[in-house]
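Following: one structure in structure tokens, then a few remarks.
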Protein chains: 2
Amino acid sequence: MARTQGSHSDITGPRIRAAALELFARHGFAAVSMRQIAAHVGVQAGALYNYTPDKQSLLVDLMQAHMEDLMAAWANQQVAGDVVARLEAFVRFHIRYNLERSDAVFIAYMELRNLTEENFIRIEDHRRAYEDQLEGILKEGVAEGVFQVPDTKIAALAVIAMLNGVLTWYRDGGRLSLTEVETLYWDMVRKSVAV
Amino acid sequence: MARTQGSHSDITGPRIRAAALELFARHGFAAVSMRQIAAHVGVQAGALYNYTPDKQSLLVDLMQAHMEDLMAAWANQQVAGDVVARLEAFVRFHIRYNLERSDAVFIAYMELRNLTEENFIRIEDHRRAYEDQLEGILKEGVAEGVFQVPDTKIAALAVIAMLNGVLTWYRDGGRLSLTEVETLYWDMVRKSVAV
DNA sequence: GTTTTATCTGAACAAATGTTCAGTTAGCTT
DNA sequence: AAGCTAACTGAACATTTGTTCAGATAAAAC
């Protein structure tokens with residue numbers, strides 16, 4: 001056999017990335033073999049190399065795409081308003097977006113150690129840029145006297161870490177709805193940076 | 001060659017666990033081979049099997065030991081006092097303890113997916129018990145009207161997630177001292193659960 | 001309908017994996 | 001000093017790993 005019926009790179013490519021995303025998130029990058037990914041797509045391992053030069057590139061591309069999507073989604077989301085409204089928007093956006101793409105978020109946070117120095121820096125730059133968005137809001141709020149934090153950089157990291165915690169316990173159809181979770185976290189964040 | 005000079009299980013055992021801890025934390029469980037651990041100790045791979053029945057048991061034992069140490073250290077730490085003082089004690093304890101054993105903490109949070117169902121439950125029970133300690137303090141505070149949170153369970157998880165975030169950025173000899181970091185986080189936690 | 005191009009197979013490769021074990025030597029006991 | 005036990009080596013094992021590539025077939029272009 002060789003080329004299979006209905007085969008098309010526009011279909012196989014995304015399916016490979018989707019399978020890799022799910023498997024990397026579930027078992028970890030190092031624990032997943034190229035053959036497992038291929039089997040998930042219904043293809044032989046060799047075929048993957050039409051879509052990625054090697055295994056690590058597959059991981060990096062997934063991370064990079066996620067970080068770019070995240071930044072684009074946030075840029076698209078922003079609403080004008082006072083700093084409090086913008087902080088609330090950030091909190092709700094972050095929770096909702098991260099829960100919708102929990103696999104990608106998980107990978108982007110957990111698999112950094114499997115990256116080469118160069119790739120690590122690329123991804124880390126994206127993350128810092130995202131954190132800077134939140135820190136910018138906090139800085140403004142502090143300048144206006146609406147917020148009070150001892151250190152805006154640390155506060156931004158603390159807030160993001162707190163919000164990311166949702167990933168470890170939230171399940172669809174659980175005790176709390178997505179909106180309830182958002183409101184609950186927003187309540188804590190709001191108070192934590194209050195004057 | 002066979003038994004080597006100065007070899008003793010009281011020495012080799014701990015060294016194996018220490019090497020495994022460091023390597024698992026740095027590269028991930030699946031990415032570390034038994035031969036790498038052995039090389040780190042200065043021993044052949046086969047010798048490891050005098051100390052563990054298999055690779056996963058090595059991981060589980062490290063996790064279990066960490067969780068037990070954590071619980072014991074907290075039990076040993078507790079001071080009498082009002083709920084606010086006890087919450088502060090928890091925050092400072094958690095930050096300090098986790099930074100001192102960041103490798104173990106990292107592993108206990110990241111490698112759960114490499115466990116069998118049975119082992120997963122064992123470790124997860126420990127974590128829940130630890131989280132319950134914090135939730136207990138929050139519940140008491142809410143009952144007394146000193147704290148106000150919409151949901152003590154979620155609040156406990158949120159606080160712990162926030163504190164764990166320290167691990168991702170804190171470095172010895174950095175801009176902030178350990179005590180400064182503790183105080184900084186305590187400030188945010190205190191406000192986040194305030195009435 | 002024929003040629004060209006895109007896509008995949010299937011086999012192969014060397015290297016690395018977790019684990020076992022017979023054999024060997026160091027340390028301890030008597 | 002002799003015997004016993006604890007600790008380790010070194011080689012072997014069956015699998016699995018990431019990756020390559022010649023060949024085969026489907027889809028697209030002409």
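The values are calculated or read from the model by the stated rules, or taken from the named source; none is laboratory data. These numbers were taken from a predicted model, which means no experiment stands behind them. Cβ atoms come from the backbone with ideal geometry, glycine included; neighbour counts cover every protein chain shown.
Looking only at helices (runs of 4 or more DSSP H) that lie completely in the range A:79-158, which have at least 3 residues being without any contact (Cβ under 8 Å) to a residue 24 or more places away in the chain, closer than 21 Å to B:ARG175 by Cα and within 14 Å of chain B (Cβ to nearest Cβ)?
Here the list reads A:117-144.
I need a count of the residues in the range A:1-31 that are touching a helix residue (DSSP H, G or I) at 6+ places or on another chain (Cβ under 8 Å) and more than 9 Å from DNA strand C (Cβ to nearest atom).
14
For the range B:150-169, which residues satisfy the criterion of being β-branched (Val, Ile, Thr) and either within 15 Å of B:LEU184 (Cα to Cα) or under 19 Å from the mean Cα position of the chain (by Cα) (or both)?
Residues satisfying the conditions are B:VAL159, B:ILE160, B:VAL166, B:THR168.
Which number in (1) part of a helix (DSSP H, G or I); (2) out of contact with any helix residue (DSSP H, G or I) (no Cβ under 9 Å at 6 or more places or on another chain); (3) more than 19 Å from A:SER102 (Cα to Cα); (4) modelled with pLDDT of 95 or more marks the one condition that A:ASN76 misses?
Here A:ASN76 meets the rest and fails (4).
Could you list, ordered by first residue, the pairs with Cβ atoms under 6 Å in which the first is in the range B:33-61 and within 13 Å of B:SER7 (Cβ to Cβ) and the second is part of a helix (DSSP H, G or I), at least 6 apart or interchain?
B:VAL41/B:ARG15; B:VAL41/B:ILE16; B:VAL41/B:ALA19; B:GLN44/B:ALA38; B:TYR51/B:GLY13; B:TYR51/B:ILE16
Suppose we keep only residues that are within 14 Å of chain B (Cβ to nearest Cβ) and in contact (Cβ under 8 Å) with a residue 40 or more places away in the chain within the range A:4-25. Which one would you say is nearest to DNA strand D (Cβ to nearest atom)?
Only one residue fits best here, namely A:PHE24.
Of all residues in the range A:28-60 being more than 14 Å from chain B (Cβ to nearest Cβ) and among the charged types (D, E, K, R), which is nearest to DNA strand D (Cβ to nearest atom)?
Ranking the candidates gives A:ASP54 first.
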